[in-house]
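Student: What follows is a structure written as structure tokens; I'll ask about it next.
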Amino acid sequence: MSLRQKCFRRFRFLPAILFIVSASAAEPHWKFDFGPGPVQSGYTQVLSTCVYSRANGFGFEPGAHVSDVDRQRGNDLKRDFCTSTAPFYFSVAVPEGNYRVTVTLGDRQDGSTNTIKVELRRLMIQNVITRPGKFSQQTFMVNIRTPKIDSTRAVKLKERERTSEIWAWDEKLTLEFNGARPCICAVEIESATKVPTVFLLGDSTVCDQPSEPWNSWGQMLTRFFKPTLAIANHAESGETLKNSIAAGRLEKVLSLMRPGDYLFIQYGHNDMKDRSTNALANYKSNLKRFVNSTREKGGIPVLITSMERKAGVDHETLGAYPDTVRTVAREENVPLIDLNAMSKVLYRALGTHLDQAFQDGTHHNNYGSYELAQCVVKGIKDLKLPLAKHLSKDFKSFDPRHPDPIENFNIPASPGARGEKPLGD
């Protein structure tokens, strides 16, 4: 039996890649029914043997050890599912844009435990548990991007972005199913062109780090929003304001920005290494360029001071750069999230557990970045930004003086080899 036959056994409809756009559909739409039982009307069947290829347009990423289960009762969508004892990836080829993803989780006979990340480990669904015979439908928003700016220009990617970080820029939406026993009954993906977008630009402390144990607050921020808003993380390791302009990262964001979208801007860790006499003045003028360019597009800039390094618990490590961000915020009347100030409070509150939030002197692990993401969300609420209405209902408040107990923190590690250290320090 060929790979294509294995993917489409009992399949009653055209391959997913062929019905991306239908004459009657306002938005592109994909529907997948996982498992070996009868296929729900209007859905594409996905079996454990279906491996992603450009020809298929969907499938499990190589290395997945997935099992098919059919409970022989119930409706076509919930009677069967795919599961595994190890994390696995499922990808669908989609154009650049924002997508509303709805996943049906559960098992008629046993329980399931599910954590879902997307692309490069952006946390979407955290530890959703279903009891035997119960199901949970979870919806979240995913942003997909490509390097292309227009017909003649593209973002100048680093070599690591072309290799270990390729999923941040490729042609597909990739879902990571994780947890003690994830049970996937169905996945539905719908283009969402009208939702507002929060763009992120910054350095390694913001970007989507590709591999464990490194992590950044931008990867955790997605966890705290409803599926009414998309977060597009265009930050990258080793970046400065100047480098992001030269590489076309700012231009890329502006090419996608619509009136009412946001741009969160956090730089400093790498900018401060510039030893030229006018380095700080250039940093300030470039910050204002980001702000003014965003406003020219009808967007809303938000400045964020860089969090301290681990040594910042005792003394400041970023020189005059946080104060420069504060000055620009005042001069340009820009909303400011003072992550630098909150990080000092957080680090001191962690006390003897401080090392457990860091992977090295600058970069954080899952726990540290999760706590910092909540500091950013606190900043959004404190500023009373309109996008606060999009925050998830289960986020009530966060006080950096009282971080989450490390012993209660539980986000399963993503699969794959432990990655190289992020650029910058």
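Student: Looking at the stretch 353-371, can you tell me whether even one residue there is in contact with a Pro (Cβ under 6 Å, 6 or more places away or on another chain), part of a loop (DSSP other than H, G, I, E, B) and within 18 Å of residue 221 (Cα to Cα)?
Tutor: Going residue by residue through the stretch 353-371, those that are in contact with a Pro (Cβ under 6 Å, 6 or more places away or on another chain) are 359, 363, 365, 371.
Next cut, part of a loop (DSSP other than H, G, I, E, B) only: 359, 363, 365.
Narrowing further to those that are within 18 Å of residue 221 (Cα to Cα): 363, 365.
Yes.
Student: Going residue by residue through the stretch 307-324, is there one that turns out to be in contact with a strand residue (DSSP E or B) (Cβ under 6 Å, 6 or more places away or on another chain), crowded, with 17+ Cβ neighbours inside 10 Å and aliphatic (A, V, I, L, M)?
Tutor: In the first step, residues of the stretch 307-324 are kept if they are in contact with a strand residue (DSSP E or B) (Cβ under 6 Å, 6 or more places away or on another chain); the result is 310.
From what is left, the residues that are crowded, with 17+ Cβ neighbours inside 10 Å are 310.
If we keep only those that are aliphatic (A, V, I, L, M) as well, we get none.
For the stretch 307-324, residues in contact with a strand residue (DSSP E or B) (Cβ under 6 Å, 6 or more places away or on another chain), crowded, with 17+ Cβ neighbours inside 10 Å and aliphatic (A, V, I, L, M): absent.
Student: Within the stretch 114-127, does at least one residue satisfy the condition of being more than 17 Å from the chain's Cα centre (by Cα), under 24 Å from residue 211 (Cβ atoms) and open to solvent by 10 Å² or more (accessible area, probe 1.4 Å)?
Tutor: No, that holds for no residue.
Student: Mind listing whichever residues of the stretch 325-337 are outside any helix (DSSP H, G or I) and open to solvent by 40 Å² or more (accessible area, probe 1.4 Å)? Write out each step before concluding.
Tutor: Initial filter on the stretch 325-337 (outside any helix (DSSP H, G or I)): 333-337.
Answer for the stretch 325-337, where residues must be outside any helix (DSSP H, G or I) and open to solvent by 40 Å² or more (accessible area, probe 1.4 Å): 333, 336.
Student: Within the stretch 50-88, restricting attention to residues that are of a type in the set (Ser, Thr, Tyr) and touching an Asp or Glu at 6+ places or on another chain (Cβ under 9 Å), which residue is farthest from residue 415 (Cα to Cα)? Full working, then the answer.
Tutor: Step one: list which residues in the stretch 50-88 are of a type in the set (Ser, Thr, Tyr), which gives 52-53, 67, 83-85.
Filter once more, keeping what is touching an Asp or Glu at 6+ places or on another chain (Cβ under 9 Å): 52, 83.
Numbers: 52: 17, 83: 15 Å.
For the stretch 50-88, the residue satisfying everything is 52.
Student: Scan the stretch 289-299 and give yes if some residue there is open to solvent by less than 40 Å² (accessible area, probe 1.4 Å), touching a Lys or Arg at 6+ places or on another chain (Cβ under 7 Å) and among the polar types (S, T, N, Q), otherwise no.
Tutor: No; the residues of the stretch 289-299 include none that is open to solvent by less than 40 Å² (accessible area, probe 1.4 Å), touching a Lys or Arg at 6+ places or on another chain (Cβ under 7 Å) and among the polar types (S, T, N, Q).
Student: A follow-up question, please. Looking at residue 136, is it within 30 Å of residue 255 (Cα to Cα) and of a type in the set (Ser, Thr, Tyr)?
Tutor: Working: within 30 Å of residue 255 (Cα to Cα): no; of a type in the set (Ser, Thr, Tyr): yes.
Criteria not met by residue 136.
Student: Quick one: which helices (runs of 4 or more DSSP H) lie wholly within the stretch 200-283 and hold at least 3 residues that are open to solvent by 10 Å² or more (accessible area, probe 1.4 Å) and at pLDDT 95 or above?
Tutor: Values: elements: 217-221, 241-246, 249-256.
Per the criteria, 241-246, 249-256.
Student: Condition first: modelled with pLDDT of 90 or more and either in contact with a Gly (Cβ under 6 Å, 6 or more places away or on another chain) or surrounded by fewer than 19 Cβ atoms within 10 Å (Cβ to Cβ) (or both). Now tell me which residues in the stretch 19-30 satisfy that. Outline the logic, then answer.
Tutor: Step one: list which residues in the stretch 19-30 are modelled with pLDDT of 90 or more, which gives 29-30.
Answer for the stretch 19-30, where residues must be modelled with pLDDT of 90 or more and either in contact with a Gly (Cβ under 6 Å, 6 or more places away or on another chain) or surrounded by fewer than 19 Cβ atoms within 10 Å (Cβ to Cβ) (or both): just 29.
Student: So in the stretch 49-64, with the set limited to residues that are out of contact with any Phe, Trp or Tyr (no Cβ under 7 Å at 6 or more places or on another chain) and at negative phi, which one is least open to solvent (accessible area, probe 1.4 Å)?
Tutor: Of all residues in the stretch 49-64, those out of contact with any Phe, Trp or Tyr (no Cβ under 7 Å at 6 or more places or on another chain) come to 49, 53-57, 62-63.
If we keep only those that are at negative phi as well, we get 49, 53-56, 62.
Numbers: 49: 59, 53: 33, 54: 178, 55: 72, 56: 5, 62: 103 Å².
Selected residue: 56.
Student: Still on this structure, I have one more. Could we say that residue 329 is under 22 Å from residue 295 (Cα atoms) and without any contact (Cβ under 8 Å) to a residue 40 or more places away in the chain here?
Tutor: Details: under 22 Å from residue 295 (Cα atoms): yes; without any contact (Cβ under 8 Å) to a residue 40 or more places away in the chain: yes.
Judged against the criteria, residue 329 is a match.
Student: Could you pull out the residue among 339, 354, 350, 346 that is at pLDDT 95 or above and touching a strand residue (DSSP E or B) at 6+ places or on another chain (Cβ under 9 Å)?
Tutor: Result: 339 is the single residue among 339, 354, 350, 346 that is at pLDDT 95 or above and touching a strand residue (DSSP E or B) at 6+ places or on another chain (Cβ under 9 Å).
Student: Tell me yes or no: at least one residue of the stretch 352-364 is in contact (Cβ under 8 Å) with a residue 60 or more places away in the chain, open to solvent by less than 10 Å² (accessible area, probe 1.4 Å) and not β-branched (Val, Ile, Thr).
Tutor: Looking through the stretch 352-364, at least one residue is in contact (Cβ under 8 Å) with a residue 60 or more places away in the chain, open to solvent by less than 10 Å² (accessible area, probe 1.4 Å) and not β-branched (Val, Ile, Thr).
One line per residue, one yes/no per condition, for (1) within 25 Å of residue 376 (Cβ to Cβ); (2) small (Gly, Ala, Ser):
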| site | (1), (2) |
| --- | --- |
| 100 | yes, no |
| 103 | no, no |
| 109 | no, no |
| 129 | no, no |
| 141 | yes, no |
| 162 | no, no |
| 168 | yes, yes |
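Student: A further question on this structure: Pick from the stretch 165-194 the residues that are among the acidic types (Asp, Glu) and open to solvent by less than 10 Å² (accessible area, probe 1.4 Å): which of them is farthest from residue 91 (Cα to Cα)? Before you say what the answer is, go through the steps one by one.
Tutor: So the first thing to find is which residues in the stretch 165-194 are among the acidic types (Asp, Glu), and the list is 165, 170-171, 176, 188, 190.
Filter once more, so that each one left must be open to solvent by less than 10 Å² (accessible area, probe 1.4 Å): 165, 176.
Values: 165: 15, 176: 9 Å.
Across the stretch 165-194, the extreme among qualifying residues is 165.
Student: The conditions are (1) part of a helix (DSSP H, G or I); (2) over 26 Å from the mean Cα position of the chain (by Cα); (3) not basic (Lys, Arg), and residue 316 fails exactly one of them. Which is it?
Tutor: (1)
Student: So, one more: Return yes when residue 90 is within 23 Å of residue 167 (Cα to Cα), modelled with pLDDT of 90 or more, out of contact with any Leu (no Cβ under 9 Å at 6 or more places or on another chain) and buried (at least 21 other Cβ atoms within 10 Å of the Cβ) and no when it is not. Can you show your working first?
Tutor: Details: within 23 Å of residue 167 (Cα to Cα): yes; modelled with pLDDT of 90 or more: yes; out of contact with any Leu (no Cβ under 9 Å at 6 or more places or on another chain): no; buried (at least 21 other Cβ atoms within 10 Å of the Cβ): yes.
No, not satisfied.
Student: Filtering the stretch 244-263 down to residues that are of a type in the set (A, V, I, L, M, F, W, C) and touching a helix residue (DSSP H, G or I) at 6+ places or on another chain (Cβ under 8 Å), which residue is farthest from residue 390 (Cα to Cα)? Spell out the reasoning first.
Tutor: First, pick out the residues of the stretch 244-263 that are of a type in the set (A, V, I, L, M, F, W, C): 245-247, 250, 253-254, 256-257, 263.
Among the residues that remain, those that are also touching a helix residue (DSSP H, G or I) at 6+ places or on another chain (Cβ under 8 Å) are: 245, 250, 254, 257, 263.
Values: 245: 30, 250: 25, 254: 22, 257: 18, 263: 16 Å.
So the residue we want is 245.
The values are calculated or read from the model by the stated rules, or taken from the named source; none is laboratory data. Predicted model, so just to flag it, every value in this text is computed and none were measured. All Cβ positions, glycine included, derive from the backbone under ideal geometry; neighbour counts span all protein chains shown. Each accessible area value is taken on the protein alone, full model and side chains, heavy atoms only, with ligands, DNA and RNA left out. Shrake-Rupley method; radii C 1.70, N 1.55, O 1.52, S 1.80 Å.
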